[in-house]
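The values are calculated or read from the model by the stated rules, or taken from the named source; none is laboratory data. All values derive from a computational prediction rather than experimental measurement. With ideal geometry, Cβ positions are generated from the backbone for all residues, glycine too; neighbour counts draw on all protein chains shown. Calculation scope for accessible area: heavy atoms of the full protein, side chains included, ligands and nucleic acids excluded. Shrake-Rupley method; radii C 1.70, N 1.55, O 1.52, S 1.80 Å.
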Amino acid sequence: MSSTCWQITFHPVSAPDSAFEDFLAAFFEVTAQNYSSSGFDEYIGYISPSFDEQQMLITAATFGVTLPPYDVSELKSENWLKDYVIKFAPFEVGQFCIYGIHEQTPPKTDKIALQIYAATAFGSDHQTTRGCIEALCELKQQGFTPKKVLDIGTGSGILSLCAAKLWDKASILASDIDDEATIVTNSNAATNSLSSRIEAITADGYQSEVIKSFCPCDLVLSNILANPLIAFAPNLASALNDGGYCVLSGFIDNQVDDVISAHTAQGLELVKLYSHDNWRAALMQKKDK
């Protein structure tokens, strides 16, 4: 592993299209994606040992992409992948303690330990993730026992992992539009001895035949962004059994009304709203007919 790496952080002011993501995958060795307080994802590319800014612009142009504002940083480390990309401090939320694959031994804790690799999928220690895990733990405490769990936009697979640990009889299907997220989710499931419990697939929303045959289910998890949550609301309602729950996140305070109303229009009702900084997560239940 080279001791030098360049980190390029992009700050889109609107939602990028697939061409931008194709450019990232083609130009960089590793990419990461994080939420920002603006509501638009922050994209990060890592490349070593040298970075040619002009070549990046040329490559972007071949994909028909005009790059958003970006910052360039030089990272120096004997193992930049470990030190800058996959490293995050262990954190506790609800019944769980979550730590990275760079940790040689699990942290001392009386909570359920999950070991996560999150380099090229959405990072695990984020406000939206925390809200979703809190909702899952509260459902468990209330005696809810889902038989089928669907995770739409699984990212690193962390919510599927938590669901598998909380409900050892549940079948879990995780999906993401990004092939890399599917790979990371399968890797995390294997690391935590949950491969037999979690099936991860690449799919665009609810249109996959695998998802259609899996549903209806008892619990839907969807930590994505406000606009796709709103667009998917009818599909989510159709995928959910009467009396079933969904956990939604990836939206900020001024988007709450739009997200909730899109789902109440489909026969769901808000049970609880979770807040972490400016980010929100919602627990909703589908009304019995």
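Would you check if G243 is modelled with pLDDT of 95 or more and small (G, A, S)? Yes: the conditions hold for G243. If the condition is being of a type outside the set (D, E), in a strand (DSSP E or B) and under 17 Å from L114 (Cβ atoms), then the stretch 147-193 contributes V149, I172, A174. If you filter the stretch 201-231 down to residues that are under 22 Å from N241 (Cβ atoms) and of a type in the set (G, A, S), you find that the one that is modelled with the lowest pLDDT is G205.
How about the stretch 12-26: which of its residues are within 11 Å of D41 (Cβ to Cβ), part of a helix (DSSP H, G or I) and open to solvent by 70 Å² or more (accessible area, probe 1.4 Å)? Once the filter is applied, which keeps residues that are within 11 Å of D41 (Cβ to Cβ), part of a helix (DSSP H, G or I) and open to solvent by 70 Å² or more (accessible area, probe 1.4 Å), the stretch 12-26 yields only E21.
Number of residues in the stretch 74-101 that are at pLDDT 80 or above, closer than 12 Å to Q7 by Cβ and not charged (D, E, K, R): the value is 1. Scanning the stretch 161-188 for residues that are of a type in the set (G, A, S) and either under 13 Å from F96 (Cα atoms) or open to solvent by 10 Å² or more (accessible area, probe 1.4 Å) (or both) yields a total of 4. Among the residues in the stretch 246-261, are any farther than 16 Å from A282 by Cα, open to solvent by less than 20 Å² (accessible area, probe 1.4 Å) and touching a strand residue (DSSP E or B) at 6+ places or on another chain (Cβ under 7 Å)? No, there is no match, as no residue in the stretch 246-261 is farther than 16 Å from A282 by Cα, open to solvent by less than 20 Å² (accessible area, probe 1.4 Å) and touching a strand residue (DSSP E or B) at 6+ places or on another chain (Cβ under 7 Å). Filter the stretch 201-237 down to residues that are free of Cβ contacts under 8 Å to residues at least 24 places away in the same chain and out of contact with any helix residue (DSSP H, G or I) (no Cβ under 9 Å at 6 or more places or on another chain) and give me whichever is most open to solvent (accessible area, probe 1.4 Å). Across the stretch 201-237, the extreme among qualifying residues is E209. Scan the stretch 113-134 and tell me whether some residue there is open to solvent by 60 Å² or more (accessible area, probe 1.4 Å) and at pLDDT below 85. Within the stretch 113-134 (the criterion being open to solvent by 60 Å² or more (accessible area, probe 1.4 Å) and at pLDDT below 85), the answer is yes, since at least one residue qualifies. With respect to the conditions (1) surrounded by fewer than 21 Cβ atoms within 10 Å (Cβ to Cβ); (2) closer than 26 Å to T154 by Cβ; (3) modelled with pLDDT of 65 or more, S48 falls short on a single one, namely (2).
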